[in-house]
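Peer 1: Here it is, the structure, as structure tokens.
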Amino acid sequence: MLENWVVMPTCLPLVRRRCHACGAGRFQASGKFRVNAHHKLLDVWLLVLCTGCGDTAKLTVMERANVRSIRPELLARLHANDVVLASELLQDPALQRRNRIALDWSGAWRLDTGGSDHLDREVIDIAVRFTARIPVRPVRLIAEGCALPRAEVESLIKEGSLVSTARLHTRLSDNFTFTLKR
């Protein structure tokens, strides 16, 4: 029987970027947008706050976009400071490249295993699904979900008792499955 685990965010991740004011390396996304109009052109920024000094920085979402080219529902979400939209935009690789940022997901996600009733079985088939692009080592997820130390998970991989088509020693943000035989 296939069990389903879900990796989901609990809050907005920290943004890794150097602060020009104090030199700190992390910013907290406020979930607020600034929309600035230049006649028929709009600039849109996502505001982030330095964790060191509280200074505000702007992440460019759109530059000089024609008002008519922006869907009305998107513009309404920007004006309403939609936190879900902020989360979606932070995870956009194009926005990350444009603003030269990376995300720090430490403490911003959780693993939902649906309970521990499957842990006593001899063979466990598990599908892990990510609801956001959260890079996590599968060894860490398996250790947390099965209530095992990481060293034991490593030894199970070496013995061949823990198998997967995914690479278990690298960070993944894509869905994967694994089988654990005890």
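The values are calculated or read from the model by the stated rules, or taken from the named source; none is laboratory data. No experiment lies behind these values; they were computed from the predicted model shown. Heads up, the Cβs are rebuilt from the backbone with ideal geometry, glycines too, and the neighbour counts pull from every protein chain shown. Remember, those area values only see protein heavy atoms, side chains included, never the ligands or the DNA or RNA. Shrake-Rupley method; radii C 1.70, N 1.55, O 1.52, S 1.80 Å.
Peer 1: Mind checking which pairs have a first residue in region 54-70 that is closer than 18 Å to L89 by Cβ and a second that is open to solvent by 80 Å² or more (accessible area, probe 1.4 Å) and in a loop (DSSP other than H, G, I, E, B), Cβ under 9 Å, 6 or more apart or different chains?
Peer 2: Correct list of pairs: A57/H20.
Peer 1: For L42, indicate whether it is touching a helix residue (DSSP H, G or I) at 6+ places or on another chain (Cβ under 7 Å) and within 17 Å of N81 (Cα to Cα). Don't jump to the end; show me each part of the working.
Peer 2: Details: touching a helix residue (DSSP H, G or I) at 6+ places or on another chain (Cβ under 7 Å): yes; within 17 Å of N81 (Cα to Cα): yes.
Answer is yes for this residue.
Peer 1: Additional query: Filter region 112-144 down to residues that are of a type outside the set (A, V, I, L, M, F, W, C) and open to solvent by less than 40 Å² (accessible area, probe 1.4 Å) and give me whichever is farthest from N4 (Cα to Cα).
Peer 2: In this case the residue turns out to be P138.
Peer 1: Considering (1) part of a helix (DSSP H, G or I); (2) closer than 23 Å to G25 by Cα, say which one L103 fails and leave the rest.
Peer 2: Going through (1) part of a helix (DSSP H, G or I); (2) closer than 23 Å to G25 by Cα one by one, L103 breaks only (1).
Peer 1: Of all residues being surrounded by 17 or more Cβ atoms within 10 Å (Cβ to Cβ) and under 23 Å from the mean Cα position of the chain (by Cα) in region 145-163, which is farthest from W109 (Cα to Cα)? Just the residue, please.
Peer 2: C146
Peer 1: Go through region 1-37 and count every residue that is of a type in the set (G, A, S) and either surrounded by 14 or more Cβ atoms within 10 Å (Cβ to Cβ) or under 30 Å from V123 (Cα atoms) (or both). First the steps, then the outcome.
Peer 2: Taking region 1-37 as the starting set, the residues that turn out to be of a type in the set (G, A, S) are 21, 23-25, 29-31, 37.
This time we only want the ones that are either surrounded by 14 or more Cβ atoms within 10 Å (Cβ to Cβ) or under 30 Å from V123 (Cα atoms) (or both), so: 24-25, 29-31.
The total comes to 5.
Peer 1: Find the residue count for region 145-181, including only residues that are within 14 Å of V7 (Cα to Cα) and out of contact with any helix residue (DSSP H, G or I) (no Cβ under 9 Å at 6 or more places or on another chain).
Peer 2: Going through region 145-181 one residue at a time, the tally reaches 5.
Peer 1: Here's something else I'd like to know. Report the residue count in region 164-178 for those that are of a type in the set (S, T, Y), surrounded by 13 or more Cβ atoms within 10 Å (Cβ to Cβ) and under 19 Å from the mean Cα position of the chain (by Cα). Step through it out loud before you land on a result.
Peer 2: From region 164-178, those of a type in the set (S, T, Y) are 164-165, 170, 173, 177; that's our starting set.
Next, only the ones that are surrounded by 13 or more Cβ atoms within 10 Å (Cβ to Cβ) stay: 164, 173, 177.
Pick out the ones that are also under 19 Å from the mean Cα position of the chain (by Cα) and you get 173.
The qualifying residues number 1.
Peer 1: If a residue must be free of Cβ contacts under 8 Å to residues at least 60 places away in the same chain and in a helix (DSSP H, G or I), how many such residues does region 71-85 contain? Write out each step before concluding.
Peer 2: Taking region 71-85 first, the residues free of Cβ contacts under 8 Å to residues at least 60 places away in the same chain are 71-82, 84-85.
Next cut, in a helix (DSSP H, G or I) only: 72-79, 84-85.
So the answer is 10.
Peer 1: Moving on. Check region 85-96 and report whether any residue there is of a type outside the set (A, V, I, L, M, F, W, C), open to solvent by 40 Å² or more (accessible area, probe 1.4 Å) and over 16 Å from the mean Cα position of the chain (by Cα). If you could, list the steps in order and put the result at the bottom.
Peer 2: Just the residues of region 85-96 that are of a type outside the set (A, V, I, L, M, F, W, C), to begin with: 87-88, 91-93, 96.
Keeping just the survivors that are open to solvent by 40 Å² or more (accessible area, probe 1.4 Å) gives 88, 92-93, 96.
Still in the list and also over 16 Å from the mean Cα position of the chain (by Cα): none.
Checked against the condition, which is being of a type outside the set (A, V, I, L, M, F, W, C), open to solvent by 40 Å² or more (accessible area, probe 1.4 Å) and over 16 Å from the mean Cα position of the chain (by Cα), region 85-96 yields no hits at all.
Peer 1: Among all residue pairs at least 6 apart or on different chains, which show Cβ distances below 7 Å where the first residue, located in region 86-111, is closer than 15 Å to V7 by Cα and the second is part of a helix (DSSP H, G or I) and open to solvent by 20 Å² or more (accessible area, probe 1.4 Å)?
Peer 2: L111/E144
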